[in-house]
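Each value in this text was obtained by applying a stated rule to the coordinates, not by laboratory testing. Since this is a predicted model, take the numbers as computed values, not measurements. Cβ atoms come from the backbone with ideal geometry, glycine included; neighbour counts cover every protein chain shown.
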Amino acid sequence: MASIFCCFRGCASFLDLGFATPAVPIKKQPIIALDQQQIGQEVVLVKDGSRICGTGGALGNSAIMQDKAYFEVRLQQSGIWGIGLGSEKADLNAVPMGSDADSWVLCSDGYLRHNKEEMHHIAQLPQEGDTVGVSYNHIELNFYLNGQKLDCPFTNVRGQVYPAVYVDDGAVLDVVFDNFVHDPPPGFDKIMLEQSLLET
């Protein structure tokens, strides 16, 4: 009986007798990426907002709202760069970022900068091809080099913040918000959109 009904439904669809089920549009899920509206004047974003080049900074398109968030940045081409967090007030035309009260970044020279201060310095500098991980739990902002924690956290990050990166002098960075090269630290996960947080 079921096969007869399926056959009839197929014929009804072909004959357009009004029995056909309308096609349901597939809702495309928004993705986390760098925000085309939150970039420096000389920044170029490519690869659907996952690669930054040019000169200046960019913020992610979603603030970090969850308790424990993680993302990665792959150093595709060396130059001057920085990776970290910034608020909507961060100066995205300043290189290096970290020169204002609204950005916290690990810079290519190994210094962690915030508000014109050099907070820490790492001995092992990331090189072309390396992956820098970033974890944030609203208490500490930590960095990882190829999966190894650098033990130089920022503990003064305040307010609503976004992933932040900057480039200059030929640097090219790929920001990865999903499908990580290295496992996030225990309890940390990819950045979720606010809507996703409400659904979980």
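Here the relative contact order of region 41-178, from alpha carbon pairs under 8 Å that lie six or more residues apart, stands at 37 percent. Shown is the FRET efficiency for residue 65 and residue 94, computed with R0 = 35 Å from the Cβ-Cβ distance and rounded to the nearest 0.05: 0.85. Taking trypsin sites (Lys or Arg not before Pro) across region 29-135, the ones in a DSSP loop with at most 13 further Cβ atoms lying within 10 angstrom of their Cβ are 47, 89, 116. In a DSSP loop and with at most 15 other Cβ atoms within 10 Å, the GluC sites (Glu not before Pro) in region 108-200 are 128, 140. Model label points for residue 151 and residue 36, set 7 angstrom from Cα along the Cα-to-Cβ axis, are 4.5 nm apart. With the convex hull drawn around the C-alpha atoms of region 34-190, the volume per residue stands at 94 Å³.
Computed extension length for residue 139-residue 120: 5.2 nm, one decimal, from 0.36 nm per residue of separation with the Cα-Cα distance subtracted. Over region 104-159, what is the relative contact order in percent, taking alpha-carbon pairs closer than 8 angstrom and at least six residues apart? So the answer I get is 24 percent. Within the shell defined by Cβ-Cβ distances under 13 Å, the residues around residue 168 carry a net charge of -3, with Lys and Arg each +1 and Asp and Glu each -1. I'd like the projected area of region 91-181, averaged over all directions, using the convex hull of its alpha carbons. Report it in nm² with one decimal. Projected over every direction and averaged, the Cα hull of region 91-181 covers 6.0 nm².
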